[in-house]
Amino acid sequence: MKILAIETSSKICGACLCEDDKIIDKLEIDNGLTHSQNLMPLIKDLLDKNSLKISDLDAFVCDIGPGSFTGIRIGVATAMAFVDCSNNVKYTGVSSLEALAYNIKEDGFIASIIDCKNDNCYYALYELKNGKYTEILSPTAASIFEMFEQLKNATNKTITFVGDGVNAYQSEILLNIENAIYASESLNIINTENLAFAGFNKLSSGSELSLTPLYLKKPQAQRQLEEKLSN
């Protein structure tokens, strides 16, 4: 199964080609341009480099968030456009938090955490055992203190923390979670290759085909409008 995975939920714009769970090639850039400017040229370069066309692909995987609202919409819309113009292809969305968990390869509990500023975050808890990632706590938007309570209720074992929230809240994690392990800096960003692998596992397990964006919070502009209207 030839898979194209698309990453636009963070500042990284990425695309990865895989044959099942084996990487063919990938391109990732962070050049200050918008994803709307970068994504299609990036995908074209990746396909041309590997002498492939969209019609040669069997499946599409896209990061559905949480993350940048605009970036998520660009990625999902692009993936759905490819699906609509292809025949009998598979497709699936993978959350940013699940993709981050795939950066960790050692068995144990993994807490993916994305900083939302002001002591708030997106988080989820996974367990990796014998090569299989299992979701323990589903993606949630909450304060970091609510997150700590949920994590302590879910397990009393060592948890590896991964994501940009590790840098933002490392001191708070140290105070609240015993025996916490922090992922290295290079693992705290979404790896398009691991996004593709997570998507392949979902497709192989027969998960429902869906590319619905995962919005855990309303966009800031909408929250500001609702606040204004309520005053």
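Find the strands (runs of 3 or more DSSP E) located wholly in the stretch 73-147 whose residues include 2 or more that are among the charged types (D, E, K, R) and surrounded by fewer than 24 Cβ atoms within 10 Å (Cβ to Cβ), and list them.
Working: elements: 90-95, 108-117, 120-129, 132-143.
Passing ranges, in order: 108-117, 120-129, 132-143.
Selection over the stretch 157-181 of residues that are at pLDDT 95 or above, closer than 17 Å to Tyr126 by Cα, among the polar types (S, T, N, Q) and surrounded by fewer than 21 Cβ atoms within 10 Å (Cβ to Cβ) gives a count of 1.
From the residues in the stretch 182-231 that are in a loop (DSSP other than H, G, I, E, B), among the charged types (D, E, K, R) and surrounded by 10 or more Cβ atoms within 10 Å (Cβ to Cβ), which one is modelled with the highest pLDDT? So that I can check it myself, show each step before the final result.
Going through the stretch 182-231, the residues in a loop (DSSP other than H, G, I, E, B) turn out to be 183-184, 188-191, 205-219, 231.
Filter once more, so that each one left must be among the charged types (D, E, K, R): 208, 217-218.
Retained after the next criterion (residues that are surrounded by 10 or more Cβ atoms within 10 Å (Cβ to Cβ)): 217-218.
Details: Lys217: 76, Lys218: 50.
The extreme case among them is Lys217.
The values are calculated or read from the model by the stated rules, or taken from the named source; none is laboratory data. Note that the structure is predicted; figures quoted are calculated from it, not measured. Cβ: placed from backbone, ideal geometry, glycine included. Neighbour counts: every protein chain shown.
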